[in-house]
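See structure below.
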Amino acid sequence: HLITTGSVRAIAEAAGFPTNEASLRDFAKRFRANFLVETAKPFIEDSWRKVTIGTARFRVAFPCARCILPNVDQATGELNYGVVQALLTSRRVDLLEVQHVIEQRYFDNLIVKPGEYLFGWYLVLESDPTIISIGNEVVVA
């Protein structure tokens, strides 16, 4: 799944974590994403429908409902419940204005339920498989 640096920064700030570049890279690991895209604006990815990374084309399929694991520092195992609290405060499904992006069938199939908190988006590859590398250009639509 995909997350952005702008969104990581917003959640880190809300949870009381440092927001320098090195700290944000470590904080982002809590979300175990496949792709971390650099953005200035938080949660801009909520409006994305398509993403091209290098030559790989993806459809932005549905949001990632989070569990409590982002509370765990992946390097130390230390718990900090402020991470999920920040998600609950700002990214709970019933508080978001992303209903226009989330297709109704995801609610019908209980993939995303009211009360869950979302962070990141699952992608579906629409092009032929290809190699993606750090630093590839990212184009969104």
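The values are calculated or read from the model by the stated rules, or taken from the named source; none is laboratory data. Because the structure is a prediction, the values reported are computed rather than measured. Here Cβ is always computed from backbone atoms with ideal geometry, including for glycine, and neighbour counts include all displayed protein chains. Surface areas here come from the heavy atoms of the whole protein model, side chains and all, with no ligands, DNA or RNA. Shrake-Rupley method; radii C 1.70, N 1.55, O 1.52, S 1.80 Å.
For Phe43, nonlocal amide neighbours, meaning residues 5 or more places apart or on other chains whose placed amide H falls under 5 Å from its own, are Ser7.
The string of couplings for segment 2-14 from the Karplus curve (6.51, -1.76, 1.60, θ = phi - 60°) is 10, 10, 10, 5, x, 6, 4, 4, 4, 6, 4, 4, 5 Hz, one whole number per residue in order, with x for Gly and Pro.
Rounded to the nearest 500, the helix-only mean residue ellipticity at 222 nm of the chain stands at -6000 deg cm²/dmol, with each DSSP H run of n ≥ 4 adding -39,500 (n - 2.57).
Under the 0.36 nm per residue contour assumption, what length would be gained going from the current alpha-carbon distance of Thr52 and Ala141 to full extension? Mind dumping the intermediate values first?
Details: separation 89, 0.36 × 89 = 32.04 nm, distance 0.87 nm.
Length gained, Thr52 through Ala141: 31.2 nm.
One way to sum up the overall shape of segment 1-97 is the equivalent ellipsoid from its Cα gyration tensor, whose semi-axes run 22, 16, 13 Å, largest first.
Rolled with a 1.4 Å probe across the full set of protein chains, the surface gives Tyr81 an accessible area near 150 Å². Accessible surface area normalised per residue over the chain is 56 Å², counting heavy atoms of protein chains with a 1.4 Å rolling probe.
Counting only GluC sites (Glu not before Pro) that sit in a DSSP loop (anything but H, G, I, E, B) with at most 15 other Cβ atoms within 10 Å, what is the longest stretch of the chain containing none of them? The reported range is 39-77.
Rounded to the nearest Hz, the phi-derived 3J(HN,Hα) couplings of segment 58-71 under the Karplus curve 6.51 cos²θ - 1.76 cosθ + 1.60 (θ = phi - 60°) are 10, 9, 7, 8, 7, x, 8, 6, 9, 9, 8, 4, x, 5, where x marks glycine and proline.
Simple spin-label estimate for Asp26 and Ile134 gives 1.7 nm between the two label positions (7 Å along the Cα-to-Cβ direction from each Cα).
Less than 5 angstrom separates the built amide H of Tyr117 from those of Arg66, Val93, all sequence-distant by 5 or more or on a different chain. Remark on segment 11-60: hydrodynamic radius 12.6 angstrom, per the Kirkwood mean of 1/r across alpha carbon pairs. For Leu69, the shell of other residues with beta-carbons less than 10 Å away shows a net charge of +3, using +1 for Lys and Arg and -1 for Asp and Glu.
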